[in-house]
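The values are calculated or read from the model by the stated rules, or taken from the named source; none is laboratory data. These numbers come from a predicted model, not from an experiment. Using ideal geometry, Cβ is built from the backbone for each residue, glycine included, and neighbour counts are taken over all protein chains shown. Side chains included, ligands, DNA and RNA excluded: accessible areas come from the protein's heavy atoms. Shrake-Rupley method; radii C 1.70, N 1.55, O 1.52, S 1.80 Å.
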Amino acid sequence: VEQFGLPLFTVIIGLIDGFNPCAMWVLLFLLSLLLNIKDRKKIILIAGTFVFISGAVYYAFMAAWLNIFLVFGLSRTIQIVVGTIAVLIGAINIKDYFAFHKGFSLSIPSSVKPTLYAKIRRVIYAENMMAALIGVATVAVLVNLVELICTAGLPAVYTQILTLRDLSMMQYYSYLLIYCLAYIVDDALIVSIAVYTLSGKKLQETAGRKLKLLSGLVVLILGVLLLARPGWLL
């Protein structure tokens, strides 16, 4: 953090966190259906609402982590707990790259996917735009609640690192905002490309596994540092 500066460090971790196969899978499936209607305005409104609500829910989730750490203080015990959780989450995501669908996995459960499919299809074929926007906002909230386990590692470690800094409450929440804006950059880019080209594709398993490997490595490294060398994160 001292080398890069906290703002740049925040952007880097937020961007890496944004490459989350759970959220990307849902967004790309939504776009694959939206692209059939060839209506750029509708694609922007519906997909844009999904990305915005996802970012807002993630911000609230991170704010909750931040307040937990601020309430319980900066004890070494908290650091060890968070570091251990991060190491476990990182290891599981790395395992998923080599042995996907084998053993415990941090992914959207297969049992939940049919429900998401049905909700997304209802959004696409809603009778009016307001109903579609309300529907996609509901899907975004549901997806982010389901995928909290998928994404718990980096937000927990980052907010723990953030609380190691002596900042005002406004600065804390400003950094969370920077993080969440970086988090949705990749989704916004995907939507922009889809709107421009009116073409898209689903997230393939190989790509999803690579994203899990990237996320897992970063979470694992930060977790180990939090356990063994927390001073390096200052």
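To the nearest 0.05, what FRET efficiency results for S168 and S192 with a Förster distance of 30 Å applied to their C-beta separation? Result of the calculation: an efficiency of 0.30. Between I12 and R122, the FRET efficiency estimated from the beta carbon spacing at R0 = 35 angstrom works out to 0.40. The protection proxy used here, the mean number of other Cβ atoms lying within 10 Å of each residue, ranks peptides 162-170, 78-86 as follows, highest first: 78-86, 162-170.
Sorting F29, F52 by accessible area puts them as F52, F29; the probe is 1.4 Å, largest comes first, and only protein heavy atoms count. The accessible area of K38, taken with all protein chains in place and a 1.4 Å probe, comes to roughly 120 Å².
For the listed residue pairs K41/K212; K41/K119; K41/K102, the alpha carbons are over 30 angstrom apart in K41/K212; K41/K102.
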